[in-house]
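These notes are about the structure you will find just below.
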Amino acid sequence: MIESPLARLSDDQLEDLARELDAIHDEVFAELGDRDRRYITSMIEMHRRLAVLGRVLLFAGRYKPAWLAGTATLSLAKILENMEIGHNVMHGQWDWMQDPYIHSSSWDWDSASTPEAWKHSHNYIHHTYTNIRGKDKDLGYKIMRIDPHQKWVPIYLFQPVYNVLLMAFFEWGVAFHDLDLDAIKKREKSVKALKRELKGMARKAGRQIAKDYIAYPLLSGRKGFKSTLAANVTANIIRNTWAHAIIFCGHFPDQTYTFSEEEVAGETRGGFYVRQLLGAANIEGSPLFHVISGNLGYQVEHHLYPDMPSTRYAEIAPQIKEICERYELPYNTGPFLKQWATVQRTILRLALPGGRPRPKPGPFRRGSENGGAAWHPDDAERRRRGATARGPELPLDGVRVTMPEQP
Amino acid sequence: MFFTPLLPDDYLELIDPLWSSRELRGRIEAITRETADSVTVTIRPGWVWEGHEPGQYLRVGVIVDGVHHWRAYSITSDPGRADGFISITPKLVETGKVTPYLVRKARPGTIVRLGGVEGTFTLPDPLPERLLFISAGSGVTPIMSMLRDLARRGALRDVAHLHSARTPEAVIFGDQLRGLADRHDGYRLHVQHTGEYGRLAPADLDRLCADWREREAFLSGPGQMLDAMHAHWDEHADVARLHMERFQPVIGGDAAGGGGGVITFRASGETAHADGGTPILVAGEEAGAALPFGCRMGICHTCVGRLCSGRVRDLRTGKVSGTDGEMIRTCINAPEGPVEIDL
């Protein structure tokens with residue numbers, strides 16, 4: 001049994017930690033402005049230009065170079081649209097702009113999930129109950145055993161197989177997952193609500209299928225139908241596989257901790273922050289890598305502040321590391337292939353019964369192998385002085401561990 | 001089908017932001033200084049623009065420090081301008097967010113959102129024989145549009161205009177008003193510099209415009225002046241001939257006017273109770289429903305929801321309406337009895 005660093009911190013330390021992390025959130029939100037707006041609007045514009053370019057190239061898709069270029073462009077457009085734009089806008093990261101369209105309440109995305117269902121299962125359930133076993137339904141997505149604490153059942157023998165299927169059809173997996181059939185069984189959700197969600201999903205799915213698999217292939221003419229269809233299928237699979245890889249690297253690498261309900265009962269805000277810190281893992285990469293992964297390579301920062309514009313994660317990462325060092329907490333991170341490989345190893349190993357939690361990294365040290373960056377001690381002092389009590393979306397009374405009934 | 005979940009507009013606007021038909025936009029063509037603390041912003045509206053009546057105001061959406069704000073400004077341009085441009089003339093409010101941006105920072109080429117044109121402070125049709133305009137400070141803005149309209153139509157036949165401003169330099173449109181007076185015998189202008197001669201009071205009317213009782217009067221200025229003049233008309237003349245511009249209709253707060261009721265949100269299943277002065281949006285949010293919202297003043301239509309049953313009261317006008325299936329703006333309507341909304 002590995003002792004979680006959560007148990008080591010005193011109540012006072014947790015309170016100090018909460019104050020410091022709240023202050024970072026407040027500082028960033030106080031200075032959001034034109035620069036941030038320019039980023040998201042130009043990202044949205046870039047997605048649309050790429051989408052048009054990809055579709056146009058595919059009209060010449062019978063010629064191999066055009067097919068390859070068109071498919072690659074369309075894949076990139078879809079990746080940006082889902083990850084850096086859709087996921088983040090629907091998190092409310094850009095709500096502060098008060099823009100009627102770039103807003104979590106009105107945004108829709110190029111994916112099978114309806115925004116309503118996804119926002120409930122992701123923003124609320126996953127981001128509130130992160131890595132609490134039995135509560136966070138994203139922990140293995142109810143179909144996989146990715147934590148040795150999960151009870152083994154024979155179906156898990158097949159998880160290496162359906163994991164590969166899930167990669168290819170991830171958007172459909174997510175849409176199905178958002179329906180949360182489990183909640184029906186537990187009577188947390190009414191059949192009426194499910195019917196309504198199914199209707200919404202059917203409408204959404206219908207449009208998605210009609211667009212990529214019927215309308216554009218037809219528009220390409222009799223000779224172009226097949227090549228455009230193949231390109232669109234390929235682009236969706238590339239986008240799905242990439243999203244699957246990035247998202248699985250967020251919580252399932254060896255470094256992350258999971259929590260029992262007892263461990264988090266009566267959790268304070270400081271406790272919430274520590275759980276997010278321990279339950280998430282970053283991916284190291286270039287700026288381009290972070291853009292096409294929706295800045296989810298900064299999973300730790302994202303889980304501390306889900307409503308903070310994604311571009312700011314890289315900027316606050318040194319401050320988070322510094323806090324980790326002072327409070328002797330780990331800062332989970334690693335190169336993409338390493339993180340991805342540990343996730344796949346876990347999926348293979350835990351398909352079989354048994355298994356133990358993998359060793360966890362020790363406290364973060366500057367210059368150590370798990371990261372480190374230039375940091376000015378003055379910044380910490382400045383923040384401590386200006387600390388205020390406001391923070392991100394988190395109830396003051398900690399996390400309730402009884403699941404509410406879904407609407 | 002080709003664009004889902006986006007609209008064709010989302011791609012058209014890449015070519016020209018004014019081509020959006022989802023929302024009306026405009027491009028700032030020129031910004032010219034009027035006085036030390038006011039500018040005229042000339043805007044080329046998108047093709048959906050339906051024109052305005054002189055005296056009406058327009059909500060303009062501008063982005064300041066990355067944040068979108070809606071503000072209402074009187075349109076100061078002639079609706080019959082040959083180039084089709086419109087203009088507003090904001091005066092600096094030092095503590096504000098938007099006017100410091102418009103007066104000091106905005107540059108030609110900037111794209112702004114345009115909300116609907118609203119306002120009932122307009123000239124009657126047919127035009128009355130004799131007109132009286134009374135304005136103070138930036139209250140001259142809706143009247144400027146009226147004067148430009150009248151001048152173009154050759155209708156400045158018998159118009160008296162009493163305007164006041166603190167100093168000669170502070171008179172917005174000073175040169176243009178004097179120019180009109182020079183060119184049109186039927187337009188009589190009196191400008192009072194309040195810094196020197198004090199405010200224009202109801203008692204001054206007999207001296208400055210002896211036949212004020214016989215004129216259709218249009219007032220625009222600070223609330224104090226409007227109240228004083230209104231009382232004066234009420235006592236000494238026909239108040240029905242007095243038209244006033246009260247800027248910024250008050251939304252909400254007036255619980256006495258309506259009945260309120262229980263709101264059921266069909267999509268979320270939430271219910272909320274609202275008194276007669278609370279917008280459906282606010283009541284819903286307080287009850288925990290996640291509702292779409294935008295300007296919160298009835299302009300942008302982001303918050304619209306289909307009314308399944310019941311009736312609602314428009315908090316700006318007090319008008320009660322409601323037919324099943326009607327699209328209503330939750331930010332400016334309060335329930336009038338139980339209502340169900342598909343949101």
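The values are calculated or read from the model by the stated rules, or taken from the named source; none is laboratory data. Note that this is a predicted model, so its numbers are computed, not measured. As a convention, Cβ positions derive from the backbone with ideal geometry for all residues, glycine included, and neighbour counts pool all protein chains shown. Surface accessibility is based on the protein's heavy atoms, side chains included, excluding ligands, DNA and RNA. Shrake-Rupley method; radii C 1.70, N 1.55, O 1.52, S 1.80 Å.
Tell me yes or no: at least one residue of region A:39-48 is within 30 Å of B:Val304 (Cβ to Cβ), acidic (Asp, Glu) and in contact (Cβ under 8 Å) with a residue 12 or more places away in the chain.
No, every residue in region A:39-48 fails to be within 30 Å of B:Val304 (Cβ to Cβ), acidic (Asp, Glu) and in contact (Cβ under 8 Å) with a residue 12 or more places away in the chain.
Can you give me the number of residues within region A:101-136 that are open to solvent by 20 Å² or more (accessible area, probe 1.4 Å) and under 24 Å from A:Glu261 (Cα atoms)?
9
Checking A:Gly140 against (1) open to solvent by less than 50 Å² (accessible area, probe 1.4 Å); (2) at negative phi: exactly one of these is not met. Which one?
Failing condition for A:Gly140: (2).
Within region A:28-38, which residues are crowded, with 18+ Cβ neighbours inside 10 Å and in a helix (DSSP H, G or I)?
Residues satisfying the conditions are A:Val28, A:Asp36, A:Arg37.
Could you list, in sequence order, the residues of region A:224-279 that are more than 19 Å from the chain's Cα centre (by Cα), among the polar types (S, T, N, Q) and part of a helix (DSSP H, G or I)? Even if it seems obvious, please write down each step before you answer.
Looking only at region A:224-279, we keep the residues that are more than 19 Å from the chain's Cα centre (by Cα), and these are A:224-235, A:260-271.
Cutting the leftovers down to among the polar types (S, T, N, Q) gives us A:227-228, A:232, A:234, A:260, A:268.
A:Ser227, A:Thr228, A:Asn232, A:Thr234, listed by residue number.
Given the conditions (1) more than 28 Å from A:Thr114 (Cβ to Cβ); (2) at pLDDT below 90; (3) open to solvent by 70 Å² or more (accessible area, probe 1.4 Å), which single one is not true for B:Gly277?
Condition not satisfied by B:Gly277: (3).
Please enumerate the residues belonging to region A:214-225 that are open to solvent by 40 Å² or more (accessible area, probe 1.4 Å), touching a Lys or Arg at 6+ places or on another chain (Cβ under 9 Å) and more than 10 Å from chain B (Cβ to nearest Cβ).
Within region A:214-225, the subset open to solvent by 40 Å² or more (accessible area, probe 1.4 Å) is A:214, A:218-219, A:222-223, A:225.
Still in the running and touching a Lys or Arg at 6+ places or on another chain (Cβ under 9 Å): A:219, A:223.
Once the filter is applied, which keeps residues that are open to solvent by 40 Å² or more (accessible area, probe 1.4 Å), touching a Lys or Arg at 6+ places or on another chain (Cβ under 9 Å) and more than 10 Å from chain B (Cβ to nearest Cβ), region A:214-225 yields only A:Lys223.
Any idea which of (1) over 21 Å from A:Ala205 (Cα atoms); (2) open to solvent by less than 10 Å² (accessible area, probe 1.4 Å) is the one A:Met90 doesn't satisfy?
(1)
Looking at A:Tyr257, A:Tyr213, can you tell me which residue is touching a helix residue (DSSP H, G or I) at 6+ places or on another chain (Cβ under 8 Å) and closer than 21 Å to A:Leu58 by Cα?
A:Tyr213
When B:Cys303 is evaluated against the numbered criteria (1) within 14 Å of chain A (Cβ to nearest Cβ); (2) of a type in the set (A, V, I, L, M, F, W, C); (3) touching a Pro at 6+ places or on another chain (Cβ under 9 Å); (4) open to solvent by 50 Å² or more (accessible area, probe 1.4 Å), which criterion, by number, is the only one it fails?
Here B:Cys303 meets the rest and fails (4).
State yes or no: is A:Asp178 away from chain B (no Cβ under 14 Å) and part of a helix (DSSP H, G or I)?
It is true that A:Asp178 is away from chain B (no Cβ under 14 Å) and part of a helix (DSSP H, G or I).
If you check every pair at least six apart or on different chains, which have Cβ atoms under 9 Å apart with a residue in region A:349-366 that is more than 19 Å from A:Leu6 (Cβ to Cβ) and assigned to a loop (DSSP other than H, G, I, E, B) first and a residue that is basic (Lys, Arg) and modelled with pLDDT of 90 or more second?
Once the first residue is more than 19 Å from A:Leu6 (Cβ to Cβ) and assigned to a loop (DSSP other than H, G, I, E, B) and sits in region A:349-366, its partners that are basic (Lys, Arg) and modelled with pLDDT of 90 or more give A:Leu350/A:Arg145; A:Ala351/A:Arg145; A:Gly355/A:Arg145; A:Gly355/A:Arg349; A:Arg366/A:Lys321.
Taking region A:100-142 as the region of interest, how many residues are within 14 Å of another protein chain (Cβ to nearest Cβ) and part of a loop (DSSP other than H, G, I, E, B)?
Of the residues in region A:100-142, 15 are within 14 Å of another protein chain (Cβ to nearest Cβ) and part of a loop (DSSP other than H, G, I, E, B).
A:Ile85 - would you say it is touching a residue at least 24 places away in the same chain (Cβ under 8 Å), in contact with an Asp or Glu (Cβ under 9 Å, 6 or more places away or on another chain) and either open to solvent by 20 Å² or more (accessible area, probe 1.4 Å) or within 14 Å of chain B (Cβ to nearest Cβ) (or both)?
So A:Ile85 does not fit the description; no.
Name every residue in region B:127-146 that is among the aliphatic types (A, V, I, L, M) and either more than 25 Å from B:Phe85 (Cα to Cα) or touching a residue at least 60 places away in the same chain (Cβ under 8 Å) (or both), in order of residue number.
Listed by number, the residues that qualify are B:Leu131, B:Leu132, B:Ile134, B:Ala136, B:Val140, B:Ile143, B:Met144, B:Met146.
Could you check how many residues of region B:307-325 are out of contact with any Pro (no Cβ under 8 Å at 6 or more places or on another chain), under 12 Å from B:Pro335 (Cα atoms) and in a loop (DSSP other than H, G, I, E, B)?
3
Residue by residue through region B:215-228, note down the ones that are modelled with pLDDT of 95 or more and either in a helix (DSSP H, G or I) or among the aromatic types (Phe, Trp, Tyr) (or both).
B:Phe218
A:Gln98 is checked against (1) open to solvent by 50 Å² or more (accessible area, probe 1.4 Å); (2) polar (S, T, N, Q); (3) within 23 Å of the chain's Cα centre (by Cα) and fails just one. What number does that condition carry?
Single failed check for A:Gln98: (3).
Out of B:Gly46, B:Gly66, B:Gly51, report the one residue that is open to solvent by 10 Å² or more (accessible area, probe 1.4 Å) and at pLDDT 90 or above.
Going through B:Gly46, B:Gly66, B:Gly51 in turn, just one is open to solvent by 10 Å² or more (accessible area, probe 1.4 Å) and at pLDDT 90 or above: B:Gly51.
Filter region B:223-239 for residues that are open to solvent by 70 Å² or more (accessible area, probe 1.4 Å) and closer than 20 Å to B:Pro142 by Cβ and give the result.
B:Gln224, B:Asp227, B:His230
Of (1) over 19 Å from A:Ala72 (Cα atoms); (2) buried (at least 21 other Cβ atoms within 10 Å of the Cβ), A:Ala235 satisfies all except one. Which?
A:Ala235 satisfies all of (1) over 19 Å from A:Ala72 (Cα atoms); (2) buried (at least 21 other Cβ atoms within 10 Å of the Cβ) except (1).
Quick one: which of A:Lys192, A:Lys185, A:Lys211, A:Lys204 is facing another protein chain (nearest Cβ under 10 Å) and surrounded by fewer than 12 Cβ atoms within 10 Å (Cβ to Cβ)?
Within the list A:Lys192, A:Lys185, A:Lys211, A:Lys204, the selection yields A:Lys192.
Quick one: is B:Thr99 surrounded by fewer than 14 Cβ atoms within 10 Å (Cβ to Cβ), polar (S, T, N, Q) and not assigned by TED's automatic domain parsing to the domain that holds B:Ile143?
no
Could you tell me how many of the residues in region A:231-252 are under 19 Å from A:Leu57 (Cα atoms) and touching a residue at least 60 places away in the same chain (Cβ under 8 Å)?
Let us first name the residues in region A:231-252 that are under 19 Å from A:Leu57 (Cα atoms), namely A:231-239.
Keeping just the survivors that are touching a residue at least 60 places away in the same chain (Cβ under 8 Å) gives A:231-232, A:234-239.
Of the residues in region A:231-252, 8 are under 19 Å from A:Leu57 (Cα atoms) and touching a residue at least 60 places away in the same chain (Cβ under 8 Å).
Quick one: count up the residues across region B:229-244 that are in contact (Cβ under 8 Å) with a residue 12 or more places away in the chain and either over 21 Å from B:Leu123 (Cα atoms) or assigned to a loop (DSSP other than H, G, I, E, B) (or both).
5
For region A:40-61, indicate whether the set of residues that are away from chain B (no Cβ under 12 Å), part of a helix (DSSP H, G or I), over 28 Å from A:Gly206 (Cβ atoms) and out of contact with any helix residue (DSSP H, G or I) (no Cβ under 7 Å at 6 or more places or on another chain) is non-empty.
no
Filter region A:322-337 for residues that are in contact (Cβ under 8 Å) with a residue 24 or more places away in the chain and open to solvent by 60 Å² or more (accessible area, probe 1.4 Å) and give the result.
Selection gives A:Arg326, A:Glu328, A:Pro335.
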